[in-house]
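Each reported figure results from applying straightforward, stated rules to the coordinates on display, with no laboratory input. These numbers come from a predicted model, not from an experiment. With ideal geometry, Cβ positions are generated from the backbone for all residues, glycine too; neighbour counts draw on all protein chains shown.
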Amino acid sequence: MLSELKKLSKHTLIYGTGILLGKAIGFFLIPLYTHYLTPKDYGILELLDLTGYIIGYFVGLGIDQAILRYYNITNKKEERDEVSSTALIFNIFFGTFLVSVLLPTSKILSRYILGSTQYAYLFSLLFINLLLGSVLGLAKTILRAQQKSLFFTIISLTHTLIAISLNIYFVAIVKIGIKGILYSTLITSILLGSYLTAQILRKCGLKFRVSKLKDMLKYGIPFVPAGISAFILNWSDRYILRLYCNMETIGLYALGYKMGMIIVFLIAVPFNLIWNAYIFEVQNRPDAKQIYARFATYFLFLLFSVGLAISIFARELIVIIADPAYLNAYKVIPLIVLSMVFMCSDNVFQVGLLIKGKSGYLPLTRGLAAIINVVLNFLLIPKYGMIGAAFATAISFFICAIAILYAAQKVYYINFEFIRILKISLSAIVIFEASSLFSIDSLWLSIVIKSSILCIFPIILHILKFLTTEETTFLKNRLRLLHHLVLQNSKKYF
């Protein structure tokens, strides 16, 4: 089991390195953006991004998920080449058609979403970016399916560095605000999307197979309504906030949400980049279910650990990285973190549905949670504003996680380690509540005290006997090895 952990960790670490560095640079630029973009501008950018996010599901039609499945269920190079080539060719032509239909609607969407037709040009840029970004994203998915984690990371880092450099130029130097951010995305997608597409098609050839496309669409299309339901769960509150609050509130909520989503980028995204292909790789092993259960525990442990740290230091994070005008954004961060933990738990709870090819259950479970989310938003936002939106999100994602777990267990039962998961969650709650008792004006004193409280988290888990005998032995051996290496290096220099 631990040998499988090493294998999965290797790819996850490589993927994660690129993503972490990219996100670190992105968060470093938040003070720049909050200086040149007002909370109102931030709110407009958020609604633009979200509109593109939901339309993107229709551009992709779940082909990216289908690639991960159909690429890994065969070992024949010719069939794998057909999967890659067919997906790319279809995505380019279908995406071009859909974007050409959307472009004439720019003024209409601008009026109804942002309240004025003056933003129509931004929507036009957004639609073109959707096509280019979809092709680039699909090409990167093919790299994931091929488990080219190092090349994927190099491309991701290059993507991030080019985009951020262009953002600095357009936003801070040329000073064209939101338009500059869209320009940077456009240029980056053209450069890297063209390069990757050419490389993949050169190696795979132009092999378009209608039968292969039908299979991939049959598997992938259910991810579209599932994605839309996930969109409603994650993002519909912005549009409802638009009805009852001002654009500045949306900007504050958007920043708080981004901070809460740090655990998604730190843990879930790099993990999923290899996990979604890995589950099919080991599905025929006799110990497959044990592997799925154990990795679910490890994954949730990481989520809770990082999420706890972000929640404890929510106010300090906003003070350090953002302009004072954004300070109140910290209030929603703990609730958003909790929501993200529930959301990301789907990644390990839905394994049974993916193994059995029952992806059709996903839109049903997420659709139920999405309906509940909309109802809760309309009930809570008018009275509690962005705090109400955060509560609605947390409740809805909890219901979604339970529903997906129930559906998956019905078709493919996995004996998850619920007692260990309960120990993690209860320990995290105790530590967070303890940290909330301290309200100190001094930034650095607050960080020191809360850091001390956070260190108690692993102690509580040890008291609760969270680790298995195998894990305890594994950690002791690693600590002995580390101690030995430290002693050797000490003798060299002292």
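A few notes on this one:
- Extending 7 Å from Cα along the Cβ direction at Q409 and again at L379 yields two label points whose distance is 2.5 nm.
- Ranked by how many other beta carbons lie within 10 Å on average, peptides 438-444, 354-360, 328-334, 473-479 from highest: 328-334, 354-360, 473-479, 438-444
- Cα coordinate range in the chain, projected on the principal axes (Å, largest first): 64, 60, 54
- The chain: DSSP helices with Cα axial extent of at least 30 Å and average Kyte-Doolittle hydropathy no lower than 0.5: 2-28, 39-60, 77-102, 120-145, 177-204, 223-244, 288-312, 361-411
- Taking the chain and dividing mean pair separation by its residue count, relative contact order in percent (alpha carbons under 8 Å, at least six apart): 20 percent
- Computed [θ] at 222 nm, helices only, for the chain once each DSSP H run of length n ≥ 4 contributes -39500 (n - 2.57): -27500 deg cm²/dmol
- Over the range 62-220, the Kirkwood radius and the radius of gyration, each from Cα atoms, give a ratio Rg/Rh of 1.04.
- Approximate spin-label separation C455-I320, in nm, with each point projected 7 Å along Cα-to-Cβ: 1.7 nm
- Charged side chains reduced to their Cβ positions (Lys and Arg at +1, Asp and Glu at -1) give the chain a dipole of some 1100 debye around its Cα centre.
- Label-point gap, in nm, between L150 and L217 - each point 7 angstrom along Cα→Cβ: 3.9 nm
- The gain in end-to-end length when the I176 to V101 segment is fully stretched comes to 24.2 nm, 0.36 nm per residue minus the alpha carbon separation.
- Taking the range 402-420 and a reference point 7 angstrom along Cα→Cβ of T468, the backbone N atoms nearer than 20 Å belong to 413-420.
- Spatial separation of Cα centroids for the range 73-127 and the range 208-266, in angstrom: 16 Å
- Gained length - E78 relative to K203, 0.36 nm times residue gap less alpha-carbon distance: 43.9 nm
- From the C-alpha gyration tensor of the range 154-279, square roots of 5λ in Å: 31, 24, 16
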